[in-house]
Structures are given as C-alpha cells and as structure tokens.
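Have a look at the structure below before the remarks.
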Amino acid sequence: MTMSDARTPTLPIAPQFTERWSPRAFTGEPMPLDTLMACFEAARWAPSASNSQPWRFVYGLAGTPAFDALLATLVPFNQGWAQHASALVAVLSTRTTTPPGQDAAVPAPWHAFDAGAAWMSLALEAHHQGWITHAMGGFDAAALQARLGVPDDVAAHAVVAIGRQGDKARLPDALQARETPNQRKPLSELVAEGRWTLAG
Ligand SMILES: Cc1cc2nc3c(=O)[nH]c(=O)nc-3n(C[C@H](O)[C@H](O)[C@H](O)COP(=O)(O)O)c2cc1C
C-alpha cells in the first residue's frame, strides 16, 4: 500500500493534503540550510490578522548545539525518535504586535491562529520538497524559553522535527505499528450550515 492509497478523500482535493503525514522514522540525512529556509519562506507568506505576521521560528540543524538544545526540551517519548531528525524547529508567536506607524504594542489575539497557518505552510512546502515534518506538543515550554532565550511575551506552540522519511524498521516495535497515515472524522461531524448542530 502506498501513502496516498492509505488516505482517500471523500471529495476531490489537491493530493498534498492527504499525502502529507507525520512519520517518526527518519534517515538522519543532513538537511541543506537552503531547503529549510525555503520552508520558512513558505511560512512567511501565510495570512495573519492585520498582516501582523506574529510567527517566529528558532531552528537547529542536526549535529549542532542548537539542535541538541531543542532536543533536550522534548519529552522522553519524543526525544526517542526525534533525535534522528535532520532539523528541529520551535514554532513561536508574539502575543503582541506594534501596528505600522505606531509606537505601542497592542495585543495580537490571533497570534496562535496565525502561527498555526504558518506551520501548515511550512509543513506543506517541506512535503512538496520531499521532506517530512512531525509537530510535537510534547516539550517543556519553560525549558525551551530558557534554553533558547525566548522572551516571556512570546508563546511557544510546538517543536517540529524535519527530515527524510526512513525505514520504519529503525523504530521500536510499538512505534513501527503506528508508522502509517491515520484517518479523519467525516465532514458531517465537522461542518454545519448556519447553526451549530454538531456534537461537542
Ligand atoms: C500541535 C501538535 C502537537 C503534536 N504533538 C505530538 C507529540 O508530542 N508527539 C508525537 O509523536 N506526535 C505529535 N503530534 C502529531 C499528531 O499526532 C499528528 O499530526 C496527528 O495524529 C495527525 O496525523 P498526521 O500528521 O500524520 O496527519 C502533534 C501534532 C500537532 C499538530
């Protein structure tokens, strides 16, 4: 079974949406900095409230102290597989923004929403270029802020592992069983016309 066979959309859509998924087995091959920067470039073009662009990224390439610092903030489960990634990226966003022409920062209530859009752009560009991404919420935010020097008014949302997809035989048995694209709730559970008629 190929990756795309495993996920069948119920309506015709661009294949990138079902072909992207989050494996945990990496080859460990080095990621060219230009390729990683192209992923950030894609993220840069995401939409945001008032074009405030609150997303920020701190990255480390495998084999560097920056990578080791990011890895150290992950929960042990994630460290186990993400240590073989080619890059780790902290997805951050500023909770306030200074509008053009103004001196004072104002709250940016949509900073997390906007950072989510940027991370998805990054993931889709990586996929387009033949690299896999795997977001992780399993990290110690306080440790990350301290180790990376992230200010308190910047939110840490996730750490993303990026690499080339490797053979799942590299993973422990329990993770090998999970190394396959998963499914989604049906549209009928997600979308309503005009009024909330959905379950929780
Ligand atoms: C914000 C966020 C946090 C996540 N945290 C973890 C994590 O800590 N560890 C992990 O193995 N996967 C994590 N995942 C991966 C999700 O489990 C995965 O994206 C989801 O099951 C959908 O699968 P797919 O990405 O393969 O389509 C996270 C994903 C997101 C978007």
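The values are calculated or read from the model by the stated rules, or taken from the named source; none is laboratory data. Owing to the predicted nature of the structure, the values given are computational and were not obtained by experimental measurement. Heads up, the Cβs are rebuilt from the backbone with ideal geometry, glycines too, and the neighbour counts pull from every protein chain shown. Only protein heavy atoms, including side chains, enter the accessible area calculation; ligands, DNA and RNA are left aside. Shrake-Rupley method; radii C 1.70, N 1.55, O 1.52, S 1.80 Å.
Assuming R0 = 35 Å, what is the FRET efficiency of ARG195 and GLU41, from their Cβ-Cβ distance, to the nearest 0.05? Spell out each step's value before the answer.
On the way: r = 40 Å, r/R0 = 1.15.
Efficiency computed from Cβ-Cβ geometry: 0.30.
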## Note on the structure
Probe 1.4 Å, all chains present, heavy atoms only: HIS157 accessible area in Å², nearest 10, is 60 Å²
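Subtracting the Cα-Cα distance from 0.36 nm times the residue separation, let me have the gained length for THR10 to THR98 in nm, one decimal.
Values: separation 88, 0.36 × 88 = 31.68 nm, distance 4.27 nm.
So the chain would gain 27.4 nm between THR10 and THR98.
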### Summary
Applied in sequence order to the stretch 159-169, the curve 6.51 cos²θ - 1.76 cosθ + 1.60 (Karplus, θ = phi - 60°) yields integer Hz couplings, x standing for Gly and Pro, of 10, 10, 8, 10, x, 8, 5, x, 6, 5, 4
### Query
Considering the stretch 62-105, what Rg and Dmax in Å follow from its alpha-carbon atoms?
16.2, 47
### Query
Taking the simple approach of a point 7 Å from Cα along Cα-to-Cβ for both SER22 and SER50, what is their distance in nm?
3.1 nm
### Task
Output the DSSP H helices from the chain with an along-axis C-alpha extent of no less than 18 Å and a mean Kyte-Doolittle hydropathy no less than 0.0.
111-128
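Rounded to two decimals, what is the ratio between the C-alpha radius of gyration of the stretch 142-200 and 2.2 N^0.38 Å? All intermediate terms of the calculation are to be shown ahead of the outcome.
On the way: Rg = 19.5 Å, N = 59, 2.2 N^0.38 = 10.4 Å.
With N residues counted in the stretch 142-200, Rg over 2.2 N^0.38 Å equals 1.88.
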## Note on the structure
Rounded to 0.05, the calculated FRET efficiency for the beta carbons of LYS168 and ALA143 at R₀ = 35 Å is 0.75
### Query
When the convex hull of the Cα atoms of the chain is projected onto a plane and the area is averaged over all directions, what value comes out in nm²?
14.0 nm²
### Task
Name the residues whose placed amide hydrogens come within less than 5 Å of the amide hydrogen of VAL91, ignoring near sequence neighbours (fewer than 5 apart) on the same chain.
HIS157, ALA158, VAL159, VAL160
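So what's Rg/Rh here for the stretch 57-170, counting alpha carbon atoms and using the Kirkwood radius for Rh?
Working: Rg = 15.3 Å, Rh = 15.0 Å.
Result: Rg/Rh = 1.02.
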### Message
Suppose each label sits 7 Å from its Cα in the direction of the beta carbon; what would the ARG178-ASP68 distance come out to in nanometres?
### Response
2.8 nm
### Task
Tabulate in residue order the Karplus-calculated ³J(HN,Hα) for the stretch 79-95, using 6.51 cos²θ - 1.76 cosθ + 1.60 with θ = phi - 60°, rounded to whole Hz; enter x for Gly and Pro.
4, x, 9, 6, 4, 8, 5, 8, 8, 10, 10, 7, 9, 10, 8, 7, 6
### Message
Can you give me the long-range amide H partners of PHE26? Hydrogens built in the peptide plane at 1.01 Å from N, cutoff under 5 Å, separation of 5 or more residues or another chain.
### Response
GLY166
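Quick one: longest stretch of the chain between exposed loop chymotrypsin sites (Phe, Trp or Tyr not before Pro), exposed meaning at most 13 other C-beta atoms within 10 Å and loop per DSSP? Working shown, then result.
Details: sites that count: TRP45, TRP196.
By the stated rule (loop sites, at most 13 other Cβ atoms within 10 Å), 46-195.
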### Summary
Simple SL model, points at 7 angstrom along Cα→Cβ for PHE113 and ASP153; separation in nm is 2.2 nm
### Task
Determine the dipole magnitude for the stretch 75-200: charges of +1 sit on the beta-carbon of Lys and Arg, -1 on that of Asp and Glu, nothing else is charged, the reference point is the Cα centre, and the result goes in debye to the nearest 20.
340 debye
### Query
How big is the accessible area of ASP152 in square angstrom, nearest 10, if you roll a 1.4 angstrom probe over the protein chains?
140 Å²
